[in-house]
1. So if each residue of separation counts as 0.36 nm, and I subtract the Cα-Cα distance between Asp25 and Asp361, what length gain in nm does that give?
2. At 1.4 Å probe size, put Arg280, Arg163 in order of accessible surface, largest to smallest.
3. If you roll a 1.4 angstrom probe over the protein chains with everything in place, what fraction of the accessible area of the range 271-414 belongs to carbon and sulfur, to the nearest %?
4. Give me the one-decimal nm value for the distance between modelled label points at Leu377 and Lys183, 7 Å along each residue's Cα-to-Cβ direction.
5. Among Trp321, Pro294, Gly332, which residue has its Cα positioned farthest towards the positive end of the charge dipole of the range 264-347, with +1 placed on the Cβ of Lys and Arg, -1 on the Cβ of Asp and Glu, and the dipole taken about the Cα centre?
6. Want the number for Val309 to Glu85: 0.36 nm per residue separation, take away the alpha-carbon distance, what's left?
7. How big is the charge dipole of the range 226-333 about its Cα centre, in debye rounded to the nearest 20, if each Lys and Arg gets +1 on its Cβ and each Asp and Glu gets -1 on its Cβ?
8. Pop the C-beta distance of Gln263 and Asp351 into the FRET formula with R0 = 41 Å and round what comes out to the nearest 0.05.
Amino acid sequence: MDHDSRGLGGIPAGNPGFTVAVEIDRPFDQIEPDEYLQLLHQVGDDAARIDRSPLGHARVVLDVPGSGWWISGQAALHAVRRLAEAWTVLGVETSRSDLWSTSPHMADSRLPRTRRLPASEGTRYTVVIEIEPYDDLDDDVELSDYFRCRERADVVVADNGRRHIIVSRRDRDVSSACQLTAKSLHAISNAWSITRIRTVETAVWKREHSRPRVDKRPTAIPQWQYALRVDGTRCIVVTDPDVDLDSWYANYTDGDGMSGVEQFFQGPAWMTDDGTANLRRTGNAIDAWIAPIPHGGLLENITDGLGHVLRVDESDSTAAWLRESLFDQPAGLIIELGPSDYDPEAEAEGDVVNAQIHVLDDGVCLVRRSRSVLQRLRLADHGVDGLVLDHWHHDDHFDDCTDGYLFSRDTQLIANACVAWFRQNGVTDERSALGCSYEFVDELPRTS
């Protein structure tokens, strides 16, 4: 290792330069075109770019050629201060550019499973310093001795083989945490070459390191749901906390039948009491794997990190679509399902397998299944008092329900009841075989 790579102004051998990345509290896939330009304008670098952090946040990335850790650190602090004027900054990283290009995230620098070192409770920021040559460092050297301001410092050998110093801080913002760590880094850089420095909110760092590892990747398609954003974007959402979908892709067809692909990223979602995932802040906040697809798009299959294609069952896809359609809908909505080639004007011959979902009050739905065409019900109101839930009724209360009816709040049960009915009767062999219509309740003007 060239000695010039060490010290305050040291330049690594080969002069690869450093790369700076500033992570902000905004999902990467929600950055609008005008915001993209705004971010680049704020850092004052036309060559800067925006990419996705390991947890799906937007990250502004710029190169500082011909620099060492100190000069690139100054550029990083400048970018942090400018971006903090309009955004919440979660973290900043400087990395030797040749290492950044081969490993764009510090995901390869996770701690060994046998030695997970959580940051001290109550700390707000975690600073990770990567140094080399790690093989010249004696095990009895206490790098933590370089930190004298009551920080907690741990030293580990990360998965990429380099030595990492992990420091916990209680500073008010990212900029302060960087500056107050710099004094200790001066002494460290005189003895070893600093290849990366990252300062990030401890909560973000913990979430990254709680992600399942490669050996927990599913061998079959994980349970998934559709969920709509407020802007109408449809997303594939996987809520299983025990799977790792890093480098997995959702393959879909849009409303025009064109194919597309989107990568899964980890981000926030919400779960209602009945287990329905959503992106509208209803229920309890959870971590999920998310892949956005166009509104009206349908998931065809999922490709894992090794290129294996996991097919989506047609019935599962139909059930996911129905479940999404029922989320947060007003009382009075009627969803009718039946053969897509059904012609009400044609003379009826034989059975017409169909189903109807009628949304009532308090999240309850009435599901009816029949082999004769179901009529629209005229209800005095949508009240649910006295109804028996989750029990299949086969009496003659509704004379056109040849297979009975069900009241339930469980949208998964409702969706499965409809899908199973069509599958049992051979209607959903192909997705195009099932037709659907929606009818919302008419709102009449009030009179005084």
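The values are calculated or read from the model by the stated rules, or taken from the named source; none is laboratory data. Being a predicted model, the structure only gives us computed values, none of them experimental. Heads up, the Cβs are rebuilt from the backbone with ideal geometry, glycines too, and the neighbour counts pull from every protein chain shown. Protein only, heavy atoms only, side chains kept; ligands, DNA and RNA dropped before computing areas. Shrake-Rupley method; radii C 1.70, N 1.55, O 1.52, S 1.80 Å.
1. Values: separation 336, 0.36 × 336 = 120.96 nm, distance 3.71 nm.
Computed gain between Asp25 and Asp361 is 117.3 nm.
2. Result, largest first: Arg280, Arg163.
3. On the way: 3340 of 7390 Å².
Carbon and sulfur: 45 percent of the exposed surface of the range 271-414.
4. 7.3
5. Sorting the options by dipole projection puts first Pro294.
6. Working: separation 224, 0.36 × 224 = 80.64 nm, distance 4.42 nm.
Going from the current span to full extension adds 76.2 nm.
7. The dipole magnitude comes to about 340 debye.
8. FRET efficiency, Gln263 to Asp351: 0.40.
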